[in-house]
Amino acid sequence: MPDILSAIYHDDPLSFQSLCCLDDPSTLEERQVVTQLRAVDEEIAEKLKPSIRILADTQAEQAFYSGVRFGAQLMAELMEQ
């Protein structure tokens, strides 16, 4: 959190993690999905990848907005005090 606040204060670019990347998996979940995709036929795996990416990106976006709403509500409550 202090890194994000410092970046905002100094007008530095914010570095957020990229969305779903199955070609170069960096998270545990991405590695698990890639492992499972290797277990199925290559043609089927390639057909599944776009749907998996869309699902993961949608979930990430929803989580982001949920965090924004939480932060806004928290800020509103703190300002009332």
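The values are calculated or read from the model by the stated rules, or taken from the named source; none is laboratory data. If you're wondering where the values come from, they're calculated on a predicted model, not measured in any experiment. Positions of Cβ are generated from backbone atoms using ideal geometry, with glycine treated the same way; all protein chains shown enter the neighbour counts. Surface accessibility is based on the protein's heavy atoms, side chains included, excluding ligands, DNA and RNA. Shrake-Rupley method; radii C 1.70, N 1.55, O 1.52, S 1.80 Å.
Observations, loosely collected:
- Only helices enter this figure: runs of n ≥ 4 DSSP H residues, each worth -39500 (n - 2.57), summed and divided by the residues of the chain, yield -24500 deg cm²/dmol at 222 nm to the nearest 500.
- Net charge, residue 20 excluded, C-beta distance under 13 Å - Lys, Arg +1, Asp, Glu -1: -3
- Highest-first packing order for the peptide set 55-61, 40-46 is 55-61, 40-46, based on the mean count of other beta carbon atoms within 10 Å.
- The residues of the chain have, on average, 89 Å² of accessible surface per residue, using a 1.4 Å probe with all protein chains present.
- Between residue 3 and residue 36, the C-beta separation translates, for a Förster distance of 35 Å, into a calculated FRET efficiency of about 0.60.
- To the nearest 10, the accessible area of residue 6 is 50 Å² with a 1.4 Å probe.
- R0 of 30 Å, Cβ-Cβ distance residue 75-residue 27: FRET efficiency to nearest 0.05: 0.55
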